[in-house]
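Down below is the structure, laid out as structure tokens.
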Amino acid sequence: MTILILGGTREARDLAAQLTERGLPVVTSLAGRVSNPALPVGEVRVGGFGGVDGLAAHLAEAGVRAVVDATHPFAATISQNAVAACEQDGVPLVRLVRPGWETRPDARDWVWVDDISQACAAMELLGERPFLTSGRQGLDHFAAWRDRWALVRVVEPLEPGAWPAWTVLTTRGPFDLDHEMALLRDHDIDVLVTKNSGGALTEPKLDAAARLGVGVVMVRRPAESAEVQVDSVAEALRALELA
Ligand code: NAP
């Protein structure tokens, strides 16, 4: 009886390592969006399940005894699908999601928006030299800024020529404070746009923004609907009664 981890995050990899160390059969599922993903230990499957029914069928066929949804806080569709499929099959579900960031008292300007569609308008009020780190998905909401300069950082390349006025950095973190300070300074950035991903790996950009007086537009997380939610790997193990 396998434990299925819905992955794509550092927490998912840490959990897979802990479960494997305990000799438990674990399979991590990845969406397959990234060409060269960081792989967890243990078995890995790649690709969508085909919605709620597909996931429910997979849980039954693969003999899954519990699901840990350790996907990114902004991967809302798969999280909703996990709730529905686990309910349908009577399989226990634990949602593991890292704590979010809070407004920083040392920030110059810090504006929360409810979703990515509001980020461009908020950004325009805070600066003229934006740094977009909110991910490839959702960039269409910055269409109003298409002809003005922006620095954008993405993991996977953007469609060539789609954003001709922008400087595009295709790279994967983590990035330390020195790196982020230099990047903001070199490009004369005055506003940073980010999703509330949380966690330490991508936090240095917020430290750098605070130190350099760069404004922040922070996109709120989508709502969670799983009944059992934990914010650390240790708590996930406890919830699975394995601590
Ligand atoms: P999403 O919008 O919630 O999911 C869209 C569809 O992708 C789902 O309906 C599902 O397809 C498939 N899918 C997503 N995660 C999957 C997984 N772990 N295993 C198998 N299928 C999965 O997700 P997203 O925002 O595109 O994120 C995709 C993956 O990237 C997630 O696993 C997430 O942890 C990781 N990630 C996302 C972000 C982000 O900012 N969104 C950042 C870092 C990492 P079917 O309906 O066909 O099953």
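Suppose we filter the range 43-65 for residues that are in contact with a Ser or Thr (Cβ under 7 Å, 6 or more places away or on another chain), of a type in the set (A, V, I, L, M) and within 11 Å of the ligand (Cβ to nearest atom); how many remain? Here the count works out to 1. Restricting Ser197, Ser134 to those that are among the hydroxyl-bearing types (Ser, Thr, Tyr) and in contact with a Pro (Cβ under 8 Å, 6 or more places away or on another chain) reduces the list to Ser197.
For the range 1-29, which residues satisfy the criterion of being hydroxyl-bearing (Ser, Thr, Tyr) and outside any helix (DSSP H, G or I)? Once the filter is applied, which keeps residues that are hydroxyl-bearing (Ser, Thr, Tyr) and outside any helix (DSSP H, G or I), the range 1-29 yields Thr2, Thr9, Thr28, Ser29. Here is the figure for the range 186-237: residues that are modelled with pLDDT under 95 and under 15 Å from Arg153 (Cβ atoms) total 2. Leu201 falls short on exactly one of the conditions (1) over 19 Å from the mean Cα position of the chain (by Cα); (2) not in a strand (DSSP E or B), and that condition is (1). Among residues of the range 121-138 that are over 9 Å from Val193 (Cα atoms), those with a Cβ under 9 angstrom from a residue that is surrounded by 19 or more Cβ atoms within 10 Å (Cβ to Cβ) and of a type in the set (Asp, Glu), sequence gap 6+ or separate chain, pair up as Leu126/Asp190; Gly127/Asp190; Glu128/Asp190; Arg129/Asp190. Residue count for the range 55-76, restricted to those that are without any contact (Cβ under 8 Å) to a residue 24 or more places away in the chain and surrounded by fewer than 15 Cβ atoms within 10 Å (Cβ to Cβ): 1. Can you spot a residue in the range 140-161 that is in contact (Cβ under 8 Å) with a residue 40 or more places away in the chain and small (Gly, Ala, Ser)? So far as the range 140-161 goes, no, none of its residues is in contact (Cβ under 8 Å) with a residue 40 or more places away in the chain and small (Gly, Ala, Ser). Step by step: first the residues of the range 26-42, then only those that are more than 6 Å from the ligand (Cβ to nearest atom) and surrounded by 14 or more Cβ atoms within 10 Å (Cβ to Cβ), then the one that is modelled with the lowest pLDDT. Which residue is that? The qualifying residue modelled with the lowest pLDDT is Pro37. Determine if the range 81-88 includes at least one residue that is closer than 20 Å to Gln137 by Cα and within 14 Å of the ligand (Cβ to nearest atom). Yes, because at least one residue in the range 81-88 is closer than 20 Å to Gln137 by Cα and within 14 Å of the ligand (Cβ to nearest atom). If the condition is being crowded, with 18+ Cβ neighbours inside 10 Å and over 21 Å from Gln137 (Cα atoms), then the range 92-103 contributes Leu93, Val94, Arg95, Leu96. Of the residues in the range 24-45, at least one is among the small types (Gly, Ala, Ser) and on the phi > 0 side of the Ramachandran plot.
The values are calculated or read from the model by the stated rules, or taken from the named source; none is laboratory data. Since the structure is predicted, the reported quantities are computational estimates derived from the model, not experimental observations. Cβ: placed from backbone, ideal geometry, glycine included. Neighbour counts: every protein chain shown.
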